[in-house]
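Every number here is computed from the coordinates shown, using simple stated rules; none is lab data. Fair warning: this is a prediction, and the values are worked out from it, not measured in the lab. No Cβ is skipped: glycine too gets one built from the backbone with ideal geometry, and neighbour counts run over all protein chains shown.
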Ligand code: OGA
Ligand code: MN
C-alpha cells in the first residue's frame, strides 16, 4: 500500500493514508511518517486503525522514542500497562472517574514536569455520537507571528506551571502536589529536530518566574489568546479508530468537552518522553504560584 498524505488544516497537521498499524510498518514508511509529522508542525492523523491492539499502539509509539510510564498521573494509567494513559469517562475500579477531566484547558502534555512530553499518541476506541472534539494550536506559527520585540522579551522569561485538576478530592490534590511540584519552563523552546523556536505556554502557567501572578496575568492571558486564534488552530472531530499523534514541543491542545457526559468517550494515550527541561522553583516562588 502506498503511503499518501495531505494537510489536515491550514495551520498544522497531516492526514496519512495507506498505513495499517495492525500490520508491520516498514522502515521506509516509518521514515515517511516521521518526516511529514515534522513538516506539518507536529500533528498527524491516521484514521481507520480500529484493528490495532493496545500492544501495537505501544510498540508503534515506542519506535519514536522512550515511553513515559505516567508516574505523574498514576490514577489515570492502566494497571498492567503503565505506558497507557486512560483518557475516558468510564468509572474507575475504585468508583472514581478522573480520566474525563483530562485536558480541559489549553496545555502541552506533562509541562509541569522536568521531562515534559515529546510526542503523544491518542487512540479513539469509543466516541460519543456528537462532539467530544479536541483543538490543537501551532506554537511555531504563534511565536513567529509575534513582533521581534515581543519575541526577544519572551525569550528571557520562564513560566511556572502548576498541575491542577478541578473536581478531585482534597486527598488526591495533596498527593498530586507531592508528585507534581511547580516547575518553571522556558517560555520559548527550541525544537530539537528542526532548531525552530516555539511558544511553550498553557493555562496551568500561573506566573513568570521572578514576577507575581498578578503582574504575569495580563501577558499570560495575551499569549493564550494570541496563540489560540482560529488561524493557528485545528479542530479534530473524532471517529473511532483514529490515531492522532501530536508533538507537545510545538503544539498545545484542548479537550472541548462538547458532548453528552452520559455517552462513553474512550481513548488511550501513549507518550514519548521529550528532553529534560525546566527546573523546580524555590519554595517562595512555589508558594506565590499556587496561592
Ligand atoms: C490528552 C488530552 C484531550 C482529549 O490525552 O493528553 O489532552 O480531547 N486529551 O481527550
Ligand atoms: Mn493532553
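With neighbours defined as other Cβ atoms within 10 Å of a residue's Cβ, the residues 221, 88, 41 order from fewest to most as 221, 88, 41.
If you stretched the chain out fully between residue 156 and residue 130, how much longer would it get, using 0.36 nm times the residue separation minus the C-alpha to C-alpha distance?
Between residue 156 and residue 130, full extension yields 5.0 nm more.
Does the stretch 178-291 classify as rounded, prolate or oblate by the C-alpha gyration tensor (a ≥ b ≥ c root eigenvalues; a/c under 1.5 gives rounded; else a/b over b/c gives prolate, otherwise oblate)? Because a/c hits 1.5 or more and a/b exceeds b/c, the stretch 178-291 counts as prolate. The modelled label-to-label distance between residue 229 and residue 22, using points 7 Å beyond Cα along the C-beta direction, is 4.4 nm.
Under the rule a/c < 1.5 gives rounded, and otherwise a/b versus b/c splits prolate from oblate, where does the stretch 129-168 land using the Cα gyration tensor? Because a/c hits 1.5 or more and a/b fails to exceed b/c, the stretch 129-168 counts as oblate. Take every pair of alpha-carbon atoms less than 8 Å apart whose residues are at least six positions apart; their mean separation over the length of the chain yields a relative contact order of 32 percent.
For n ≥ 4 DSSP H runs only, could you compute -39500 (n - 2.57) per run for the chain, divide by its residues and tell me the 222 nm figure to the nearest 500?
Values: 7 runs with 68 residues, N = 291.
Roughly -7000 deg cm²/dmol at 222 nm, from the helical runs in the chain.
Note on residue 90 and residue 190: the model spin-label points, each 7 Å out from Cα along the C-beta direction, lie 4.4 nm apart. Going by neighbour counts of Cβ atoms within 10 Å, the residues 120, 282 line up, fewest first, as 282, 120. Taken over the alpha carbons of the chain as equal point scatterers, the Debye sum produces base-10 log I(q)/I(0) values at 0.14 Å⁻¹ of -1.05. D by Stokes-Einstein for the stretch 26-118, Kirkwood Rh over Cα pairs, 25 °C, 0.890 mPa s: 160 µm²/s.
Among 200, 234, a tally of other beta-carbon atoms within 10 Å of each Cβ gives an order, fewest to most, of 234, 200. Determine the shape class of the stretch 1-80: with a ≥ b ≥ c the square roots of the Cα gyration tensor eigenvalues, call it rounded for a/c under 1.5, and otherwise prolate if a/b is greater than b/c, oblate otherwise. Cα axes put the stretch 1-80 in the prolate bin.
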